[in-house]
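The values are calculated or read from the model by the stated rules, or taken from the named source; none is laboratory data. Everything numeric here is computed off the predicted structure, so don't read it as measured data. No Cβ is skipped: glycine too gets one built from the backbone with ideal geometry, and neighbour counts run over all protein chains shown. Just so you know, the surface numbers come from the protein's heavy atoms only, side chains and all, with ligands and any DNA or RNA stripped out. Shrake-Rupley method; radii C 1.70, N 1.55, O 1.52, S 1.80 Å.
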Amino acid sequence: MGLRSTATARRDEAPLPPVAVTMGDPAGIGPDIALQSWSLRDLHALHPFAVYGDADVLRERARGLNLDVPVIGIDQVADATRVFAAALPVVPLDSAAGRHAAARRPPAADALIAAAIVAATADVLGGKVLAMVTNPIAKRSLQAVDLPYPGHTAFLGQLAEQHTGRAPIRPVMMLAAPALRVVPATVHIPLLAVPRALTRTLILETTRITAHALVRDFAIPRPRIAIAGLNPHAGEEGLIGREEMDVIEPAIAELQAELAAEGISVTGPYSADSLFHAEARRDYDAAIAMYHDQALIPLKTLAFDAGVNVT
């Protein structure tokens, strides 16, 4: 939530809407993040935001953290801008759902987690809020309320399909920091399932979405994308696995032919063990990794406190 406050906007401009922040797991760190962010709102010139969740959970957590944070429920999210300077605004959902969730997890607490994501998504796509920031959840929470999604990313993709009528929508998760931007082609699946899930179509779609996001969202007019191999040493020409030869290299060749006219460079496959050191990172604007830990380990090693998930 590094968005600067609208206080510096020209006086003739209408203020921007607030940001929607989902509370996350009531028993987790999400309430702490929301409370401490509000406490530091002036230091970081934070844009007004509203928490979607349970006001009682936030009040109880504030007492436990010895934070002097007034928490106020609001009738409509637009009111967040008006009250933000004096209190943490909360868009109330089911107040019984998350109460005392820190002591034990009732099924209703999982329902609250999902309800916050649903409500915030509806408001951001409806133009009531400027953007949506999600606090952490446990993956099992979505499964516990009959939502068979492996995390925020797939759930948000399904909600976007519902609201926009566009299907299918393919969400891509970029981990971004000043030192590195990296995208896992496969995400929250067992390592054993990665080779089966890694298809030419998956690599094509992931790279296309990443390339256009670099242009549109990161203002990089001619992005350079490096693609990692799956196997050690990128397969050693089939000696340590054939996924590079059979799947990854043909996808790269197709992408090079397709995207070169747009000034987009796609190269690889590179051995992942030499793709993330400082010298190598100078040669690309984003890297496509083949699986979760191949992407997340370098990102969290280089920028554990600075990296964010941009979906």
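Take Pro148 and decide whether it is farther than 27 Å from Phe49 by Cα and either assigned to a loop (DSSP other than H, G, I, E, B) or modelled with pLDDT under 85 (or both).
The answer is yes for Pro148.
Given the criterion more than 18 Å from Met174 (Cβ to Cβ), touching a residue at least 12 places away in the same chain (Cβ under 8 Å) and β-branched (Val, Ile, Thr), identify the matching residue among Ile227, Ile248.
Ile248
Matching residues to (1) of a type in the set (D, E, K, R); (2) under 24 Å from Leu302 (Cβ atoms):
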residue: Met173; (1), (2): no, yes
residue: Ala176; (1), (2): no, yes
residue: Arg181; (1), (2): yes, yes
residue: Ala193; (1), (2): no, no
residue: Arg208; (1), (2): yes, no
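Examine the range 205-213 for a residue that is open to solvent by 20 Å² or more (accessible area, probe 1.4 Å) and either touching a residue at least 60 places away in the same chain (Cβ under 8 Å) or in a loop (DSSP other than H, G, I, E, B) (or both), and state whether such a residue exists.
no
If a residue must be open to solvent by 20 Å² or more (accessible area, probe 1.4 Å) and either touching a residue at least 12 places away in the same chain (Cβ under 8 Å) or among the hydrophobic types (A, V, I, L, M, F, W, C) (or both), how many such residues does the range 173-192 contain?
Going through the range 173-192 one residue at a time, the tally reaches 8.
Identify, from the list Asp283, Asp293, the residue that is more than 15 Å from Thr207 (Cβ to Cβ) and either touching a Lys or Arg at 6+ places or on another chain (Cβ under 8 Å) or buried (at least 22 other Cβ atoms within 10 Å of the Cβ) (or both).
Asp283
At pLDDT 85 or above, touching a His at 6+ places or on another chain (Cβ under 6 Å), over 15 Å from Asp25 (Cα atoms) and not acidic (Asp, Glu) - does that describe any residue in the range 153-170?
Checked against the condition, which is being at pLDDT 85 or above, touching a His at 6+ places or on another chain (Cβ under 6 Å), over 15 Å from Asp25 (Cα atoms) and not acidic (Asp, Glu), the range 153-170 yields no hits at all.
Just to be sure, is Leu112 open to solvent by 60 Å² or more (accessible area, probe 1.4 Å), modelled with pLDDT under 95 and either part of a loop (DSSP other than H, G, I, E, B) or on the phi < 0 side of the Ramachandran plot (or both)?
When the stated conditions are applied, Leu112 does not pass them.
Go through (1) modelled with pLDDT under 95; (2) of a type outside the set (Gly, Ala, Ser); (3) under 25 Å from the mean Cα position of the chain (by Cα) one by one and return the number of the condition Tyr291 breaks.
Just one mismatch for Tyr291, condition (1).
Search the range 235-252 for residues being out of contact with any helix residue (DSSP H, G or I) (no Cβ under 7 Å at 6 or more places or on another chain) and outside any loop (DSSP other than H, G, I, E, B), and hand back the single one that is least open to solvent (accessible area, probe 1.4 Å).
Ile252
Given Glu279, Glu254, Glu249, which one is at pLDDT 95 or above, more than 17 Å from Ala185 (Cα to Cα) and more than 26 Å from the chain's Cα centre (by Cα)?
After applying the criteria, what remains is Glu279.
Out of everything in the range 253-279 that is of a type in the set (A, V, I, L, M), part of a helix (DSSP H, G or I) and in contact (Cβ under 8 Å) with a residue 40 or more places away in the chain, what residue ends up being surrounded by the fewest Cβ atoms within 10 Å (Cβ to Cβ)?
Leu259
Is the range 130-140 home to any residue that is at pLDDT below 90 and open to solvent by less than 40 Å² (accessible area, probe 1.4 Å)?
The answer is yes; a qualifying residue exists.
Residues in the range 50-76 that are of a type outside the set (A, V, I, L, M) and under 15 Å from Ser37 (Cα atoms): how many?
Selection size over the range 50-76: 6.
Looking only at the range 214-234, filter to residues that are in a loop (DSSP other than H, G, I, E, B) and among the aliphatic types (A, V, I, L, M); which one of those is farthest from the chain's Cα centre (by Cα)?
Among them, the one singled out is Leu230.
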